[in-house]
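J.: Take this structure, written in structure tokens, and hold onto it; I'll ask about it next.
The values are calculated or read from the model by the stated rules, or taken from the named source; none is laboratory data. What you are looking at is a predicted structure, and each value in this text was computed from that prediction instead of being measured. All Cβ positions, glycine included, derive from the backbone under ideal geometry; neighbour counts span all protein chains shown. Only protein heavy atoms, including side chains, enter the accessible area calculation; ligands, DNA and RNA are left aside. Shrake-Rupley method; radii C 1.70, N 1.55, O 1.52, S 1.80 Å.
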Amino acid sequence: MDTFDLLTRNASEVVTEEELRDLAADPDGKRAYVGYEPSGVLHLGHLLTANKLIDLQEAGMEVVVLLADVHAYLNGKGTFEEIQATAEQMQAQFVAYGLDPEQTEFRYGSEFQLDEEYVLDVHALAVDTSLNRAQRAMAEIKGDETVTVSHVVYPLMQTLDIEYLDLDLAVGGMDQRKVHMLAREGLRSLEYDVRPAIHTPILGDLESGDGKMSSSAGLTISMEDSREDIEEKVNAAFCPPTRDPEGDLVNPVLQLYQYHVFPRFETVRIDRPEEYGGDLVYDSFEALAADLESGELHPADAKSGLAAHLDELIAPGRERLQELRS
Ligand code: IYR
């Protein structure tokens, strides 16, 4: 695959395409990152951006995973001690999932975000940024609780991470896009280089195919799920025989194949009893989606194949988590 296509495959948005083309022309040793607020258990949302990091490693880029402990603290996720303990577990799960530890730099935000130079830059951005703008940037990151002063400090720090980790590319879900747009202005105002960003989609809710997959409502799949849990959730998922259902709905089963299974498996085998035509083997998402639409692939078989592949992706992290907890 062409490097630009590999860098941008399965992305919802690239800012800007021109900057990314420059990067794709010479990706070797360039540094890309995703920041995660530490949480004890990874779920599909984390794994979707991790898949993009794996693509970038394949293209020759260096990958930085920021365990954003200070950000999680500012976003009301617990005491600093609690957050740091979950960050260690998070790192272990990413490695089990397939981020090569030799090629991945794991960094804690607190290692550099409390340095004087960084803090003074936060204050410089605070002077240059309207309250309204910082608040709007956080709309999709902040939970439902009251806005606090910490919520507007947060995107200013996310801006500076790009400079202080010496990065060439920022990666995040579409929920990060407003922070990354603010970051472009902020970096420019401090006369730092502006860097491009890649945004990955936020997938639909498994059961209804509606809106955004929620990590809290038990509607996503996590490293804590047993094979049976995964089968149960996938079996209950919405799966019309089309990739574009009516209105705002999506087909979450096809989305999971597209964003989670095909990026990690060269071929996808779906077991099917002989009497129904025997096993099916696909080497592209397009071929599988076309078979679902034509009726060649029954939704029940699509689901059982999906659960088996998701289980294979989750199993190493699930085992690691059990070891850490015992
Ligand atoms: N805002 C992210 C966490 C985060 C991301 C980056 I990229 C940072 O530099 C810092 C924090 C979230 O919503 O999880």
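J.: Among the residues that make up region 38-57, is at least one of them open to solvent by 30 Å² or more (accessible area, probe 1.4 Å), within 16 Å of the ligand (Cβ to nearest atom), modelled with pLDDT of 95 or more and over 19 Å from TYR97 (Cα atoms)?
T.: Looking for residues that are open to solvent by 30 Å² or more (accessible area, probe 1.4 Å), within 16 Å of the ligand (Cβ to nearest atom), modelled with pLDDT of 95 or more and over 19 Å from TYR97 (Cα atoms), one finds none in region 38-57, hence no.
J.: Moving to a separate point now. For HIS46, indicate whether it is touching a Phe, Trp or Tyr at 6+ places or on another chain (Cβ under 8 Å), assigned to a helix (DSSP H, G or I) and under 25 Å from VAL194 (Cβ atoms). So that I can check it myself, show each step before the final result.
T.: Numbers: touching a Phe, Trp or Tyr at 6+ places or on another chain (Cβ under 8 Å): yes; assigned to a helix (DSSP H, G or I): yes; under 25 Å from VAL194 (Cβ atoms): no.
Against the criterion (touching a Phe, Trp or Tyr at 6+ places or on another chain (Cβ under 8 Å), assigned to a helix (DSSP H, G or I) and under 25 Å from VAL194 (Cβ atoms)), HIS46 does not qualify.
J.: Do you know which residues across region 190-207 are modelled with pLDDT of 95 or more, in contact with a strand residue (DSSP E or B) (Cβ under 7 Å, 6 or more places away or on another chain) and either surrounded by fewer than 18 Cβ atoms within 10 Å (Cβ to Cβ) or not in a loop (DSSP other than H, G, I, E, B) (or both)? Reasoning before the result, please.
T.: Within region 190-207, the first condition is being modelled with pLDDT of 95 or more, and the residues that meet it are 190-201.
Of the ones still in play, those that are also in contact with a strand residue (DSSP E or B) (Cβ under 7 Å, 6 or more places away or on another chain) are 195-200.
Those that are modelled with pLDDT of 95 or more, in contact with a strand residue (DSSP E or B) (Cβ under 7 Å, 6 or more places away or on another chain) and either surrounded by fewer than 18 Cβ atoms within 10 Å (Cβ to Cβ) or not in a loop (DSSP other than H, G, I, E, B) (or both): ALA197, ILE198, HIS199, THR200.
J.: Open to solvent by 40 Å² or more (accessible area, probe 1.4 Å) and outside any strand (DSSP E or B): does that describe LEU125?
T.: Working: open to solvent by 40 Å² or more (accessible area, probe 1.4 Å): no; outside any strand (DSSP E or B): yes.
So LEU125 does not fit the description; no.
J.: What number of residues in region 1-46 are of a type in the set (Val, Ile, Thr) and in contact with a Gly (Cβ under 8 Å, 6 or more places away or on another chain)?
T.: Residues flagged as of a type in the set (Val, Ile, Thr) and in contact with a Gly (Cβ under 8 Å, 6 or more places away or on another chain) within region 1-46 amount to 1.
J.: Can I ask one more? Does GLN93 qualify as being on the phi < 0 side of the Ramachandran plot, touching a Lys or Arg at 6+ places or on another chain (Cβ under 7 Å) and of a type outside the set (Val, Ile, Thr)?
T.: So GLN93 fits the description; yes.
Residues are listed down the side, and each one gets a yes or a no for (1) more than 15 Å from the ligand (Cβ to nearest atom); (2) under 14 Å from TYR36 (Cα atoms); (3) buried (at least 19 other Cβ atoms within 10 Å of the Cβ):
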position: TYR108; (1), (2), (3): no, yes, no
position: LEU114; (1), (2), (3): no, no, no
position: VAL119; (1), (2), (3): yes, no, no
position: THR129; (1), (2), (3): yes, no, yes
position: ALA137; (1), (2), (3): no, no, yes
position: THR148; (1), (2), (3): yes, no, no
position: VAL152; (1), (2), (3): no, no, yes
position: MET157; (1), (2), (3): no, yes, yes
position: LEU160; (1), (2), (3): no, no, yes
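J.: Output the residues belonging to region 162-205 that are away from the ligand (no atom under 13 Å from the Cβ), in contact with a Lys or Arg (Cβ under 9 Å, 6 or more places away or on another chain), under 20 Å from ARG133 (Cα atoms) and aliphatic (A, V, I, L, M).
T.: Result: VAL194, single match.
J.: Scan region 162-189 residue by residue and report those that are within 24 Å of LEU53 (Cβ to Cβ) and open to solvent by 30 Å² or more (accessible area, probe 1.4 Å).
T.: GLU163, TYR164, ASP166, ASP168, MET174, ASP175, GLN176, ARG177, LYS178, MET181, ARG184
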